[in-house]
Amino acid sequence: MSISPTGSRGSSKDDVLAQRQRIRHSAAHVMADAVVSFFPGAKLTHGPPTEEGFYYDIELPRPLTPEDLVRIEEKMREIVAADAPFVCSEVSREEAKRQFAGNPYKLETIDDIPAGERITTYSHGAFTDLCEGPHVQRVGEIKAFKLLNVAGAYWRGDEHKAMLQRIYGTGFESKDALERHLTMLEEAAKRDHRKLGRELELFIFDPVAPASPFFLPKGALVYNELVAYVRGLNTLHGYQEVITPQIFSTDLWKRSGHYDNYIENMFLVDVDEREFGIKPMNCPSHAVMYASRMHSYRDLPVRYADFARLHRYERSGVTHGLTRVRSFAQDDAHLFCRPDQIQQEITVFLKQFAETYKMFGFGEISIRLSLRPEKRVGTDAMWDAAEEALERALTSNGLAFAVAPGEGAFYGPKLDFLVKDAIGREWQMGTLQLDYSLPERFELEYVAEDGSRVRPVVIHRAWLGSIERFMGILIEHTGGALPLWLSPVQAVVIPIADRHIPYADGVAQQMGAAGLRARVDGRSERMNLKIREAQVQKTPYMLVVGDKEQEAQAVAVRLRTGENQGARPVAEVVGEMQTLARERR
RNA sequence: GCCACAGUAGCUCAGUGGUAGAGCAGCUGUUUCGUAAACAGCAGGUCGUCGGUUCAAUCCCGACCUGUGGCUCCA
């Protein structure tokens, strides 16, 4: 698996990508030109190319409608057809300010350009924009583009500043490339886990519990298989599973710091004139458990694993299917370590992580190392040691990573593992965080070799992260064709006529006895329909049984790939499926 | 939370200021069938909720709820 960003690309691919960026950046200008022609009062702010296309954030007198987008796109075609050249001009700071005097956003941008740096404008036709480029030579090079949607976006990404209208579009060097991109988006929409979750009868949502999944029997099965898998890993790596309460007096949250830092994201309940909070995280309860007895340096690390359900009051508008929910669980664990054990624990975690994600078939994972934020606890020496420990662990395991300065938690630096969903949005899956605050707040100790009391360090970690989110992303990556070991129904036995039902039942029983999940489709329907439905449900094995198979103690095997393997002995198929299940494939 | 959009049968969707329709799914019957949808019939909806306008509202207006795409947030 390449766990890192892909290495150097061929130069011709680089050329294509660079040209695409220029096309998209230029398309953003053309779009701005078109918008201004309809709304002379429009104030342009910022319009960059992106990995997928481009956008422009604009202050407008009224919200744009879909019809506006159509008009803007038409106007853009006219502008592109005119094929004006892009002209770059270097201007003085004063000149730039004069040119953009009516636009406070541009003035702010100009003020932010460091002294001594070139200030340039790019023009095509009568339209000029403050911009550092680069652009295509002529507008006509924008061979294919499409406006996609309008969204709100804050100026400078600050929710306390003005909300602008962001128009998204995409552009390519050819109509063909644009078509391929649009087709890809359509295909991605078919893999949307929210759609597949309903179609495969895995889970539902209901307004009675907003953003909280209800796992149907099949979804619960997948969920429980994932948990069972992690339980196995936990045993392997010396974790002890614990069970902790859901609801705690706010005394606990005050002590842990959540009350000060996280209260708007917690569900609170008042009972008996006391205030309680439903837990958004397991760490404080694990600290309480750790503190309930004495610990020797010999007993560390203490590794508490917990699959408890967590609740976070996510602001409306941020939730999304299974990937951002209000009710979820993590394959959570807290490791109470001596400082000298940190390195080793991280390494073990990383090795298992790589193996796990390879098994699930996640090829492209980005790792983010988030370093000390402004607001933090602990000494600089602690942070130096912690950041160094994480970085060293990554390097010594040969893992590439991106550094995110200032993005760490207030209690320690963290490693996040991100995977993309079907349409390229990145989601944090696994995580590993060093914590120097929790042991302090809960006065955690162990007795060192010399009899002194020492503070342990806590490592928060999860391989899968949220089980819900992991399942959602896995569904998108597999298009719903979950590996056999996770498939709710691993085989459907399809009797051709009613007289074959007893034999089919026997086959299913054999499979059940072998620990496999098989069911018989004994409805009085045609075989074609049964195959179609098993296919739509992405059932790994379809086992057709008729006179010939019954005679030969065989099943005719059809895989969900469409491959028809013909009649095979039942025992052989059972053995094959058991191997797949055992090897988690 | 902010901006925009959406909500009609279990699902996908059509439709109208005069109280609704299709396909699939469901149920019943017939069919017993060889690798992606047999045939027929039946049933199914206070058109998201609450208010307002109107002789009359699923349709127009408002608020709320839920969802979708972004933004912000994810200590």
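Some points to look at:
- Of all the listed residues (A:Ile496, A:Ile473), the sole one being of a type in the set (Val, Ile, Thr) and open to solvent by 20 Å² or more (accessible area, probe 1.4 Å) is A:Ile496.
- Checking A:Pro280 against (1) modelled with pLDDT under 95; (2) open to solvent by less than 40 Å² (accessible area, probe 1.4 Å); (3) under 26 Å from A:Ser316 (Cβ atoms), the condition it does not meet: (1)
- Single match in A:Gln510, A:Gln535 (criterion: assigned to a helix (DSSP H, G or I) and over 19 Å from A:Glu199 (Cβ atoms)): A:Gln510
- Those helices (runs of 4 or more DSSP H) lying entirely in region A:145-253 with at least 1 residues within 14 Å of RNA strand B (Cβ to nearest atom) and in contact with a Phe, Trp or Tyr (Cβ under 6 Å, 6 or more places away or on another chain): A:193-199
- Evaluation of A:Glu186 against (1) in contact (Cβ under 8 Å) with a residue 12 or more places away in the chain; (2) surrounded by fewer than 16 Cβ atoms within 10 Å (Cβ to Cβ) (one fails), failing number: (1)
- Inclusion of A:Val557 among residues that are more than 7 Å from RNA strand B (Cβ to nearest atom) and either surrounded by fewer than 18 Cβ atoms within 10 Å (Cβ to Cβ) or in a strand (DSSP E or B) (or both) is warranted.
- Some residue of region A:40-63 being part of a helix (DSSP H, G or I) and in the same structural domain as A:Tyr168 (by TED's automatic domain parsing): no
- A:Asp270, sole failed condition from (1) without any contact (Cβ under 8 Å) to a residue 12 or more places away in the chain; (2) within 16 Å of RNA strand B (Cβ to nearest atom): (2)
- Residue check for A:Phe417: over 17 Å from A:Gln343 (Cα atoms), crowded, with 18+ Cβ neighbours inside 10 Å and of a type outside the set (A, V, I, L, M): yes
- Scope region A:164-205; condition closer than 30 Å to A:Thr45 by Cβ and touching a Leu at 6+ places or on another chain (Cβ under 7 Å); matching residues: A:Gln165, A:Ile167, A:Tyr168, A:Gly169, A:Thr170, A:Phe172
- Those residues of region A:309-341 which are outside any loop (DSSP other than H, G, I, E, B), away from RNA strand B (no atom under 12 Å from the Cβ) and more than 22 Å from A:Val230 (Cβ to Cβ), in sequence order: A:Pro339, A:Asp340
- When every residue of region A:518-533 is checked against the conditions, none turns out to be more than 6 Å from RNA strand B (Cβ to nearest atom), hydroxyl-bearing (Ser, Thr, Tyr) and either buried (at least 16 other Cβ atoms within 10 Å of the Cβ) or farther than 13 Å from A:Val507 by Cα (or both).
- Scanning region A:190-234 for residues that are in contact (Cβ under 8 Å) with a residue 60 or more places away in the chain and touching a strand residue (DSSP E or B) at 6+ places or on another chain (Cβ under 6 Å) yields A:Gly197, A:Phe203, A:Ser212, A:Pro213, A:Gly219, A:Tyr223, A:Val230, A:Asn234.
The values are calculated or read from the model by the stated rules, or taken from the named source; none is laboratory data. What you see is a predicted model, and the numbers here were worked out from it, not measured in a lab. Here the Cβ is made from the backbone with ideal geometry for all residues, glycine too, and neighbour counts use every protein chain on show. The protein model used for the area step is the full one, side chains on, heavy atoms only, and it has no ligands, DNA or RNA in it. Shrake-Rupley method; radii C 1.70, N 1.55, O 1.52, S 1.80 Å.
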